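All remarks here apply to the structure that follows.
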Amino acid sequence: MDRDLTQLRAAITAFFALDGFVFAGWVARIPAIKDQTDASAGALGLALLGVSAGGVATMMAAGRLCRRFGSHPTTVAAGVLFSLSVALPPLTHSAPALGLVLLVFGTGFGALNVAMNSAAVDLIAALRRPVMPGFHAAFSLGGMAGAGLGGMIADQLSPTRHLVLLAAVGLALAAVAGRTLIRLPVPVPSEAGAPPTEGPRSSSATNPGRRLVAVFGLIALCTAYGEGAMADWAALHLHQDLDASAGVAAAGYSVFALMMAVGRLSGTALLERLGQTRALIAGGATAAVGMLLGSLAPTIWLALLGFAVTGLGLANLFPVAVARAGALTGPGGVAAASTLGYGGMLLGPPTIGFLADWFSLPAALTTVAALAAVAAIVAYGTRNATRATGG
C-alpha cells in the first residue's frame, strides 16, 4: 500500500505541474495572440474573461462529476481537455472567436483544479500528513517553467507551433500520470482515523460543515485576490511609482512567485510544526505586513523585499483552505472553496485598477494587505470550530 500511495502522490503532483506549465505557457503568448486577432485592449480583456467564465461555471459541476465518477478519472479527463484546448487560441482571428475557445480552455482549467485537488484531499487522508502545499508547489514550479520556456522560445516559434507543442507535452504528461490514477483506487484512510491535521469529513448536508467550507472559501478568496493583484499590478507599481527599469519591474512578480514556491515546498513541515489554524493565522499576518511594505516602501529594493515576504505569507493559505474544505465535505467542499478562491483572483485585478484611478496604485495595493489580515482574523475567529476537525 505504501508503494501505491507513493505512486499516487507522484501522479497527482504531475497533474499539478501540468496545470501550471500549460497555463503559464498560454499566458506567455497572449501578446502574440492579441496581434493575431487584431483585438483592442478592451476586446482582449473581454475575450480573456472566457477563461474565468469557463472556470467558474465548471468548478461546481466538476465536484459533482468527482462524486459520480471518481476524482481520478475526472482528473485525467480534465487534464486531456485542458491540454488539447491550449492549442485552440492560435486558430482564431477575432476577439469573439478567441473568447469562445477560451471558454473551452477555462472549462478544462476549472475542472482540472477541482478534480486534482479532490484527489489530493483523498490521498492526504490516507497518508495522514498535510502534504497539500507540496502539490501546489508543483503548480508554482510548473508555472515558472512554462513562463520561462515561453519567454525563451517566443521569438523562435509561432504561437501555433508553441501551443501545439505545449498541448503535446500536456497530453504526454496526462497519459503517463493518468495511467497510474486510473489503475489505482482512491485510497481509504486507516481505521485509526483521519489525520489530526485534516480531520474527518462531515456530511456535506450539515450546516456546520457548510459554514466551515464557506469560511475556508473566504480565506481562499482573500489569498487569490492577492495573487491576481500581484500578477497584474506588481510590475506597474515598481515602474510607475518607483521608477524601476523594465527588467527590475518584471522581477517584482518573479520574486513573489519564487517565494510562494519556496513557502509551499516547506509548507508540509510548517503545518506539521504549527498546525493548520496557526499556519493560516501566521501566513495571513506575514502577508499583510509584507504587502504593506511592498505597496508603501519608498525604494525599489524595500518593495521587492515586501513582495517576497508577501509570497511567503500567502504561499500556504490557498492549499490549506482547499484541503480543509475537502476534508469536511469532499469534492463539493473543494469545488466551493475553489470557486470562491477563483472569484477572488478575478476580483483582484479590476478592483485594484478602479481604486488606483480613484486614489493611487500604492493605496490600492494595500487592499491585498487588508484581505490577508482578514484571512488571519477569520482563521483565528474560527479556531474553536476547526479544532474538532484538526485545526
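A short reminder: the numbers here are calculations on the coordinates, not readings from a lab. Remember, it's a predicted structure, so these values are computed and weren't measured experimentally. Quick reminder, even Gly has a Cβ in these numbers, built from the backbone with ideal geometry, and neighbours come from all protein chains shown.
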- Summing Lys, Arg as +1 and Asp, Glu as -1, what charge do residues with Cβ under 11 Å from the Cβ of A335 carry, A335 excluded? +2
- Task: State the answer as a single residue: which of A379, P31, G99 lies farthest towards the positive end of the charge dipole of the chain, with beta carbon charges of +1 for Lys and Arg and -1 for Asp and Glu, about the Cα centre.
- Result: A379
- Which label belongs to the value computed from this structure, given these candidates for Kirkwood radius over Cα pairs in Å: (i) 20.8; (ii) 22.4; (iii) 21.6? (i)
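Helix by helix, which DSSP H runs in the chain go 27 Å or more along their axis at the Cα atoms and have an average Kyte-Doolittle hydropathy of -1.0 or more?
2-28, 41-69, 95-127, 132-153, 159-183, 207-236, 246-265, 276-296, 331-358, 361-381
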